[in-house]
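Here's the structure we're looking at; comments come further down.
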Amino acid sequence: LQKERDERESDLGRLRAELLADDGMREERARLRREGERIEREGQVWLTLKALIGEASGGKFRRFAQGLTLEALVRAANGHLDEFARRYRLVQAPGSEVGLLVVDRDMGDEMRSVESLSGGESFLVSLALALGLASLAGRRTSIGSLFIDEGFGSLDADTLDRAVSALDAVRAQHDRRIGVISHVQGLAEKIGVQVKVVARGGGRSELRVVSA
């Protein structure tokens, strides 16, 4: 009986040790479950960001940011188009973050690709975009000078007058110097101060600042 009792007490000690180990494992599992829930909550934030941003390279987020910037640019450019080319209005192409279409008001608000514009029309739209971009950049950075290289030769006399008037208005409103690089004689007559390149011969030239 004593021997059997000793065996039972040994079994009892072993079972108690197993119970203690089981209690420890239960506590460890509960701790791991709480840790897993915490990690899952934190991971959900990154999963949400992944759904918004898209990929590690940031391409989707970059296109989204570009779309917002383009929206602001189109709004600013349309303000300038209202001044010298009211026939046209720019809109973002549906389904594209960075595509542009032109709304032709004289043709029942028909939407056209920018490639369908004539040379003069393309110049006016490009000018509106350039002025709009300058106004966007000027929100945090002062842009004191704008230079426009050619393009005026494709405009008729009336459109040329409107473009020059718009540039003069931008110059006055935003206190900017606007330089126009052009060989159009009719345009030179409309600009008050000119910088002329005069050939001196022998491969030499000189600059002259003159009034119109």
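The values are calculated or read from the model by the stated rules, or taken from the named source; none is laboratory data. Quick caveat, the model's predicted, so the values are computed rather than measured. Cβ placement follows ideal geometry from the backbone for every residue including glycine, while neighbour counts extend to all protein chains displayed. Please note that ligands, DNA and RNA were not included when accessible areas were found on the heavy atoms of the full protein model with its side chains. Shrake-Rupley method; radii C 1.70, N 1.55, O 1.52, S 1.80 Å.
Checked against (1) of a type in the set (A, V, I, L, M, F, W, C); (2) without any contact (Cβ under 8 Å) to a residue 24 or more places away in the chain; (3) within 14 Å of Leu124 (Cβ to Cβ), Val195 passes all but condition (3). Of the residues making up region 57-77, one or more are in contact (Cβ under 8 Å) with a residue 12 or more places away in the chain and among the aromatic types (Phe, Trp, Tyr).
Picking from Val198, Val114, which residue would you name as being under 17 Å from Ala77 (Cα atoms) and in contact with a Leu (Cβ under 8 Å, 6 or more places away or on another chain)?
Within the list Val198, Val114, the selection yields Val114.
Which of the following residues is over 25 Å from Asp161 (Cβ atoms), modelled with pLDDT under 90 and exposed (fewer than 14 other Cβ atoms within 10 Å of the Cβ): Ser118, Ser96?
Ser96
Can you pull out every residue in region 124-138 that is over 15 Å from the mean Cα position of the chain (by Cα) and open to solvent by less than 30 Å² (accessible area, probe 1.4 Å)? Within region 124-138, Leu124, Val125, Leu127, Ala128, Leu131 meet the criteria.
For region 106-115, what are the residues that are assigned to a helix (DSSP H, G or I) and open to solvent by 70 Å² or more (accessible area, probe 1.4 Å)? Once the filter is applied, which keeps residues that are assigned to a helix (DSSP H, G or I) and open to solvent by 70 Å² or more (accessible area, probe 1.4 Å), region 106-115 yields Asp106, Met107, Glu115. In this structure, does Val102 turn out to be at pLDDT 85 or above, open to solvent by 20 Å² or more (accessible area, probe 1.4 Å), closer than 30 Å to Gln173 by Cα and of a type in the set (A, V, I, L, M)? No, not satisfied.
If you check Ala137 against the conditions, is it under 22 Å from Val74 (Cα atoms), touching a residue at least 24 places away in the same chain (Cβ under 8 Å) and out of contact with any strand residue (DSSP E or B) (no Cβ under 7 Å at 6 or more places or on another chain)? In short, no. Looking only at region 43-61, decide whether some residue is under 30 Å from Arg105 (Cα atoms), open to solvent by less than 80 Å² (accessible area, probe 1.4 Å), in contact with a Phe, Trp or Tyr (Cβ under 6 Å, 6 or more places away or on another chain) and not charged (D, E, K, R). The answer is no; no qualifying residue exists. Screening region 171-192 for residues that are out of contact with any Asp or Glu (no Cβ under 9 Å at 6 or more places or on another chain) and either in a helix (DSSP H, G or I) or closer than 19 Å to Ser122 by Cβ (or both) and picking the one that is least open to solvent (accessible area, probe 1.4 Å) gives Leu187. For the residues Gly79, Gly13, Gly24, the requirement of being under 30 Å from Asp158 (Cα atoms), open to solvent by less than 60 Å² (accessible area, probe 1.4 Å) and part of a helix (DSSP H, G or I) singles out Gly79.
Residues in region 17-40: is at least one among the β-branched types (Val, Ile, Thr) and touching a residue at least 12 places away in the same chain (Cβ under 8 Å)? No. Within region 168-190, being of a type in the set (A, V, I, L, M) and without any contact (Cβ under 8 Å) to a residue 24 or more places away in the chain holds for one residue alone: Ala172.
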